[in-house]
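To start, the structure itself, in structure tokens.
The values are calculated or read from the model by the stated rules, or taken from the named source; none is laboratory data. Just so it is clear, the structure is predicted and the values come from calculations on it, not from any experiment. Counting neighbours? That spans all protein chains shown, and the Cβs are built from the backbone with ideal geometry, glycine included. For the accessible areas, the whole protein counts, side chains as well, though only heavy atoms, and no ligand, DNA or RNA atoms are used. Shrake-Rupley method; radii C 1.70, N 1.55, O 1.52, S 1.80 Å.
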Amino acid sequence: MQDINQWLDPKYVQISRKEAARILGRSPTEFDRLRKMDPDCPTGFKTGTERGARVLFRLSEIYRYSEILIERAQA
């Protein structure tokens, strides 16, 4: 059986807003605030054209943003 890490590419994994916030160690509300205020924070993409369409995020972009937050904290 093939190891999941060998074929799972974070560039193609789509995660929810809540999952993104959890990975960053933030509440969903705080994550929404970051999305509005921080130009480095991923904005995500909608799954449809309707107003209530879900917003998803690429796992790789959330990882990259986490690195930015860590670098800022260490500076």
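Could you give the accessible area per residue of region 13-74, probe 1.4 Å, as a whole number in Å²?
Values: 4390 Å² over 62 residues.
That works out to 71 Å² per residue.
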- Take the chain, drop everything but the C-alpha atoms, weight them equally and run the Debye formula without solvent; then report log10 I(q)/I(0) at 0.24 Å⁻¹ to two decimals. -1.15
- Message: Accessible area of the chain with a 1.4 Å probe: how many percent of it is carbon plus sulfur?
- Response: 50 percent
- Message: Rounded to the nearest 20 debye, what is the charge dipole size of the chain about its Cα centre when +1 sits on each Lys and Arg Cβ and -1 on each Asp and Glu Cβ?
- Response: 360 debye
- Task: Among GLN74, GLY48, GLY25, pick out the residue whose Cα is farthest towards the positive end of the charge dipole of the chain, where Lys and Arg carry +1 and Asp and Glu carry -1 on C-beta, about the Cα centre.
- Result: GLY48
- Item | Around ILE68: net Lys/Arg minus Asp/Glu count, Cβ-Cβ under 11 Å | -3
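Would you calculate, for the chain, the mean residue ellipticity at 222 nm contributed by helices, counting each DSSP H stretch of 4 or more residues as -39,500 (n - 2.57) and dividing by all residues, to the nearest 500?
Numbers: 4 runs with 38 residues, N = 75.
My calculation for the chain gives -14500 deg cm²/dmol from helical runs alone.
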- Query: How about LYS11: which aspartates and glutamates have a C-alpha closer than 13 Å to its C-alpha, ignoring those fewer than 8 places off in the same chain?
  - Reply: GLU61
